[in-house]
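Read through the structure below, which is laid out as structure tokens, and then see the notes.
Derivation of every value follows stated rules applied to the coordinates shown; laboratory data play no part. Predicted model only: the values in this text are computed from it and were never measured. In this analysis, Cβ positions are derived from the backbone assuming ideal geometry, glycine residues included, and neighbour counts consider all displayed protein chains.
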Amino acid sequence: MPIPAIIPLASAVLSAATPAMRKAAEAFEAQALSKLLQPAFDTVDMSRSTFGGGAAEQQWRPMLLDAMATAAVRGHGGIGLAPQVLQAMLQRQEAATNGGTGA
């Protein structure tokens, strides 16, 4: 099965998206990016970090990864997943509006 080409979203398509849809697409990308960062941080020797590691640092790591991923998505465009998710959301919405199932 061939992989479809990634087509940049037209401004008309983006204007059809509500702020809530954009926020949901960005939140999804931030969550995905956080999960992608997790294995990289699992290999870090935290005992040699600034704070010395420990149980507290281990417990706070997921929140740090979430904050880093959210900042990357909002400030730098993330990894480009949000526009694709937004496009899929708009396509599903259009299909549902036109009487389709959206599937």
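If R₀ is 35 angstrom, what is the calculated FRET efficiency for the pair residue 79 and residue 50, using the beta carbon separation as r and rounding to 0.05?
Values: r = 27 Å, r/R0 = 0.77.
The value I calculate is 0.85.
How far apart, in nm, are two points set 7 Å out from the Cα along the Cα-to-Cβ line at residue 35 and at residue 66?
In this crude spin-label approximation the distance works out to 1.5 nm.
Fewest to most neighbouring Cβ within 10 Å: what's the order for 48, 61, 74?
48, 74, 61
Using the Karplus curve 6.51 cos²θ - 1.76 cosθ + 1.60 with θ = phi - 60°, work out ³J(HN,Hα) for each residue of region 85-92 in order, rounded to whole Hz, and write x for Gly and Pro.
With coefficients 6.51, -1.76 and 1.60, one gets 5, 4, 4, 5, 5, 5, 5, 5 Hz.
In nm, to one decimal, how far is the modelled label at residue 94 from the one at residue 23, with both set 7 Å along Cα→Cβ?
Once both label points are built, they end up 2.5 nm from each other.
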